[in-house]
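Read-outs: derived from the displayed coordinates by stated rules, not from any lab. Since we're looking at a predicted model, the values are computed, not measured. Please note: Cβ atoms are built from the backbone with ideal geometry, for glycine as well, and neighbour counts cover all protein chains shown.
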Amino acid sequence: MSEHYFSDKPQSKTSPRTWTYHLRGKDYTFTSDVGVFSKNEVDFGSRLLIEQFQEPGISGDLLDLGCGYGPIGITLAENFKNRTIVMADVNERALALAEKNASDNKLTNTVVIQSDSFSNLTDKQFAAIITNPPIRAGKRVVHQMFEESLAALLPGGELWVVIQKKQGAPSAMDKIQGLFGNVEVVSKNKGYYILRAVNN
């Protein structure tokens, strides 16, 4: 069976790579690895989501759902130091990298949790959930993440999603609209959509 970045225990031989990336006006050091989404650079979708994200108007923690090695959560932790950023993923190798990257970037307001979607987050609610969802896991899995996000958001909390048009942005918009009663296209760039919905 082929291995995916959403495997909980990647078996592929580790081969870490470290690089520096400029996001929201600051340079960050990231280490990624095989068996983790986007080994060689911060992928375009995540970069677009990072640049477009706006802090919600309510207080509370932020969740980077499916955090991988952590570029979204780490950048948000640097930008919103008054908030705790929870970084969750099923992939143990990704989580170890996320912890290393948070430490290497001298951040103290991050919490890394192993969780298959919301399996270990059921006691928490968030002011915003930010996700570059695992498209290769399939539409059913991604849409379930949207359903569970609604239950995990505080009143007035926001869901932020990046998704490519060719990988299901129109059906994602329909699903989110049906769940939340609203969905906004914040940005479109190179076929990537940044979607935002509010838990009214």
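Before moving on, here are some points about what is shown:
- Order by protection proxy (mean Cβ within 10 Å, highest first), peptides 157-168, 64-75, 19-30: 64-75, 157-168, 19-30
- The stretch between residue 29 and residue 150 holds 40.3 nm of extra length on full extension. This uses 0.36 nm per residue minus the Cα-Cα distance.
- Taking the range 42-198 as the region of interest, the number of lysine pairs whose Cα atoms are within less than 24 Å, with members eight or more places apart or on different chains, is 18.
- For residue 193, net neighbour charge (Lys/Arg +1, Asp/Glu -1) across residues whose Cβ lies under 12 Å away: +4
- Candidates 110, 31, 14, ranked by Gaussian network fluctuation over the chain, Cα under 10 Å, top entry: 14
- Approximate spin-label separation residue 113-residue 20, in nm, with each point projected 7 Å along Cα-to-Cβ: 3.4
- From least to most packed, judged by other beta carbons within 10 angstrom and beginning with the fewest, 93, 140, 83 follow the order 140, 83, 93.
- Mean separation of Cα contacts under 8 Å, 6 or more apart, over the residue count of the chain: relative contact order %: 18
- Net charge of Cβ neighbours under 14 Å - reference residue 157; Lys, Arg +1; Asp, Glu -1: -1
- Helical runs (DSSP H, four residues minimum) scored at -39500 (n - 2.57) apiece and divided by the length of the chain put the mean residue ellipticity at 222 nm at -8500 deg cm²/dmol.
- For residue 110, the residues whose modelled amide H falls within less than 5 Å of its own, excluding neighbours fewer than 5 places apart on the same chain, are 85.
- Rounded FRET efficiency, nearest 0.05, which uses the C-beta distance separating residue 187 from residue 103 and R0 of 30 Å: 0.45
- Computed from the C-beta positions of residue 96 and residue 177, the FRET efficiency with R₀ = 30 Å rounds to 0.25.
- Net charge of Cβ neighbours under 10 Å - reference residue 65; Lys, Arg +1; Asp, Glu -1: -3
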